[in-house]
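The values are calculated or read from the model by the stated rules, or taken from the named source; none is laboratory data. Predicted, not measured: the structure shown is a model, and the values here were computed from it. For neighbour counting, all protein chains shown are included, and Cβ atoms are generated from backbone atoms with ideal geometry for every residue, glycine included.
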Amino acid sequence: MTVVADTGAIYALLDRDDAWHDRVRRWWEEDGGDATVLLPVTTLPEICWLLASRISLRAELAFVEAVAEGEFATEPLLEEDLARTVDLLRTYADSPLGFVDGSIAAIAERLGTRQLLTTDRRHFGMVRLARGAGFQLLP
């Protein structure tokens, strides 16, 4: 099973003080081993900014090192994902769906997965895939 992760879920996994930490950590330990969890490259700057601004520069460095060492798998943003992101931003122009969330949805759609590891129920709960289905929001 392929699961695409959003910024908030990875940040919650790394910050023990985050309100979602226990839920995300429990999912990661119990169900994450059976899944391929992918971090869209568009989430990396957001995760780094949150770690540096809310925890420390050392936390940001530790995360970047973990990504570089393959502890987290990343997924590139392809040209087709960018075009689909534009479509999603237009479709949900009246909502606060932004570029990063739109790109996460586009990447998940390209990969053929409905599973999103996310703390963002509001944005991802409203997004519909090209086939009309919604996402399965984890944890």
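Miscellaneous remarks
- Just one of the listed residues (Leu77, Leu61) is part of a loop (DSSP other than H, G, I, E, B) and on the phi < 0 side of the Ramachandran plot, and it is Leu77.
- With respect to the conditions (1) touching an Asp or Glu at 6+ places or on another chain (Cβ under 6 Å); (2) over 18 Å from Gly8 (Cβ atoms), Ala52 lacks only one, and its number is (2).
- Restricting attention to region 109-139, the residues that are in a helix (DSSP H, G or I) and under 24 Å from Ala19 (Cβ atoms) add up to 6.
- Only listed residue being under 25 Å from Phe99 (Cα atoms), under 15 Å from the mean Cα position of the chain (by Cα) and outside any helix (DSSP H, G or I), chosen from Leu44, Leu38: Leu38
- Qualifying residue in region 33-40 (condition: exposed (fewer than 13 other Cβ atoms within 10 Å of the Cβ) and modelled with pLDDT of 95 or more): no
- If you go through region 75-97 and keep only what is surrounded by 15 or more Cβ atoms within 10 Å (Cβ to Cβ) and either in contact with a helix residue (DSSP H, G or I) (Cβ under 6 Å, 6 or more places away or on another chain) or touching a residue at least 40 places away in the same chain (Cβ under 8 Å) (or both), you end up with Glu75, Leu77, Asp81, Arg84, Thr85, Leu88, Leu89, Leu97.
- When each of Glu65, Glu80 is tested for being closer than 17 Å to Ala130 by Cβ, modelled with pLDDT of 95 or more, among the acidic types (Asp, Glu) and out of contact with any Cys (no Cβ under 6 Å at 6 or more places or on another chain), the lone residue that passes is Glu80.
- Near pairs, Cβ below 8 angstrom, 6+ apart or cross-chain, from region 40-54 (in contact (Cβ under 8 Å) with a residue 60 or more places away in the chain and closer than 18 Å to Asp81 by Cβ) to any residue that is of a type in the set (S, T, N, Q) and buried (at least 19 other Cβ atoms within 10 Å of the Cβ): Pro40/Ser103; Thr42/Ser103; Thr43/Thr7
- The listed residues are Gly8, Gly33, and the only one of them that is small (Gly, Ala, Ser) and under 20 Å from Gly125 (Cα atoms) turns out to be Gly8.
- Subset of region 102-114 [at negative phi, out of contact with any Gly (no Cβ under 8 Å at 6 or more places or on another chain) and surrounded by fewer than 19 Cβ atoms within 10 Å (Cβ to Cβ)]: Arg110, Leu111
- Considered as a group, the residues in region 1-35 that are assigned to a helix (DSSP H, G or I) and acidic (Asp, Glu) include one that is nearest to Arg110 (Cα to Cα), and that residue is Asp34.
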